[in-house]
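**Q** After the structure tokens below, expect a handful of questions from me.
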Amino acid sequence: MDGRSVIRPRSYFLGATALILAGLVVGLGLSAGLNLQRTSRAANAQVASVASQNSAALPESPFVSVVDRALPAVVFIDVEKKINVSSDGGPDDFMRRFFGDVAPRHPQRMPSSGSGFIFDSQGHIMTNNHVVRDADEINVTLNDHRTFKAKVVGADPETDVAVIQIDGDHLPVLPLGDSDQLRVGDWAIAIGNPLGQLRGSVTVGIVSALGRTDLNIFGGTPDYQDFIQTDASINFGNSGGPLCNIRGEVVGINTAVNTSGQGIGFAVPINLAKHVADQLVAHGSVRRAMLGVVLAEFTPDLAAGFGLPGQQGVLIQRVVEGSPAAKAGLQRNDLIVEYNGQPVNDLQKLRLKVADTAPGKRASIVVLRNGKRVSFDVTLADKDAKLAANEPAVQGTDDAVDLAGLSVRDLRSDELKALDIEAGVRVTDVADGSVAEDRGIQPGDVIEQVGPTPATDAETFTKLMDAAKKAHRPAALLVNREGNTRFVTLRLGR
């Protein structure tokens with residue numbers, strides 16, 4: 001090759017040209033198939049317009065309208081209470097417990113706070129009783145920063161509901177909803193002043209459960225409980241504030257928190273609170289009705305002990321002499337299955353329904369008696385009326401029969417008269433480690449019946465216990481301790 005240039009033949013150039021032309025044809029075909037042509041100016045403008053609209057049309061939170069509606073009527077309640085302290089600054093009760101009345105005492109103001117909401121144009125505010133209890137001075141601050149002195153209209157410790165009032169113009173009012181329409185899973189919005197500092201705080205969750213009872217609440221446990229449970233965050237200072245639904249209506253009064261867990265708060269249903277508040281505004285106090293019976297929850301074990309497996313209701317274990325129930329003809333062992341046309345399956349709810357009925361009003365009650373439905377019309381009395389007192393029990397001595405860890409004997413006629421009962425046996429001993437001991441039965445207790453049948457003597461008691469044992473069902477004992485009766489179920493060995 002010695003460095004000289006190479007001359008290409010003519011056929012070489014013709015082949016290269018053919019390859020270039022083929023590449024152009026293939027490229028144009030692919031471009032058409034994949035729609036890769038340049039877009040027009042009009043198309044580019046349309047795309048930009050759609051993108052702009054999408055970025056501007058962000059949806060608004062559904063809770064914004066709730067807060068806009070509710071927050072102006074939610075108030076901050078500042079309370080001052082007087083307490084006695086010793087001269088050295090220690091609590092008065094502590095000093096008296098250890099040293100007697102040796103240290104001089106003087107009153108001192110203790111501040112506390114809570115929440116509430118205005119529910120009518122007259123300036124009535126609903127809150128908790130424990131927020132304003134023992135208050136010497138109450139100041140209310142609205143969300144618009146107006147401040148008022150407030151007075152207590154009335155308070156009801158039995159439901160932990162109170163009404164206070166302020167005097168002002170153009171007051172915002174929060175509408176009340178219907179807590180009976182609540183369902184588990186509904187939205188729940190809590191508004192209040194947690195920790196006494198974070199005014200106007202809003203938290204959101206759901207209704208976690210309904211009809212919670214038997215709660216032990218710090219600061220005072222109400223007698224009548226039908227709480228709404230929610231996981232909307234509730235903290236100290238939220239007490240008395242509203243729990244709202246998604247429409248911005250009050251469905252509950254935030255009342256209690258579970259300090260040992262998160263996401264567990266409780267509120268008084270607004271239907272119950274409104275019934276109480278209406279009476280407090282009208283009369284300054286609440287009147288409640290009573291039936292005059294001692295009731296027992298009809299548990300599955302108790303139902304089996306009565307030979308009524310699967311049956312629901314509330315059992316009458318004692319009828320107070322001279323009470324509305326006694327006058328109407330209700331008896332021990334009657335199983336209440338309806339109250340004013342509504343089915344009964346929960347003791348606490350029945351107590352609440354009776355209490356919420358106006359004294360003097362007639363109530364329709366249906367019971368199961370010996371397996372048959374019997375209806376009664378009962379004229380309810382005022383709960384404040386005191387009825388027959390309990391008689392003390394009489395101790396016995398002689399041992400007789402031993403069964404299921406229990407030693408019992410017949411009752412003497414004078415003991416029956418002293419207890420004002422017709423039948424029963426006296427427990428004289430309870431075996432260590434027995435089922436009876438585990439269930440809390442003690443020597444001196446009187447067992448009046450096994451299931452629905454009176455225990456007229458020790459022999460009858462033994463037969464009834466044997467029958468329960470052979471039927472493989474629990475023995476339901478009506479136990480009388482110093483005049484107070486309760487049902488105890490014992491699971492017997494097979």
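The values are calculated or read from the model by the stated rules, or taken from the named source; none is laboratory data. Computed from a predicted structure; not experimentally measured. Positions of Cβ are generated from backbone atoms using ideal geometry, with glycine treated the same way; all protein chains shown enter the neighbour counts.
**Q** Give me a count of the residues in the range 345-367 that are part of a loop (DSSP other than H, G, I, E, B) and small (Gly, Ala, Ser).
**A** 2
**Q** Let me ask something else about it. For LEU492, state whether it is modelled with pLDDT under 85 and either in the same structural domain as SER413 (by TED's automatic domain parsing) or not charged (D, E, K, R) (or both).
**A** yes
**Q** Would you tally the residues in the range 46-79 being of a type in the set (Val, Ile, Thr), loosely packed, with under 11 Cβ neighbours inside 10 Å and at pLDDT 80 or above?
**A** Counting residues in the range 46-79 that are of a type in the set (Val, Ile, Thr), loosely packed, with under 11 Cβ neighbours inside 10 Å and at pLDDT 80 or above gives 1.
**Q** Another one. Might you check whether a residue that is surrounded by 15 or more Cβ atoms within 10 Å (Cβ to Cβ), at pLDDT below 90 and among the aliphatic types (A, V, I, L, M) occurs anywhere in the range 477-485?
**A** No, the range 477-485 contains no residue that is surrounded by 15 or more Cβ atoms within 10 Å (Cβ to Cβ), at pLDDT below 90 and among the aliphatic types (A, V, I, L, M).
**Q** Right, here's the next one. Quick check on the range 252-275. Is at least one of its residues within 22 Å of the chain's Cα centre (by Cα) and among the charged types (D, E, K, R)?
**A** Yes.
**Q** Same structure, new question: Considering VAL320, VAL314, which residue is at pLDDT 90 or above, among the β-branched types (Val, Ile, Thr) and within 29 Å of THR379 (Cβ to Cβ)?
**A** None of the other options fit; the residue is VAL314.
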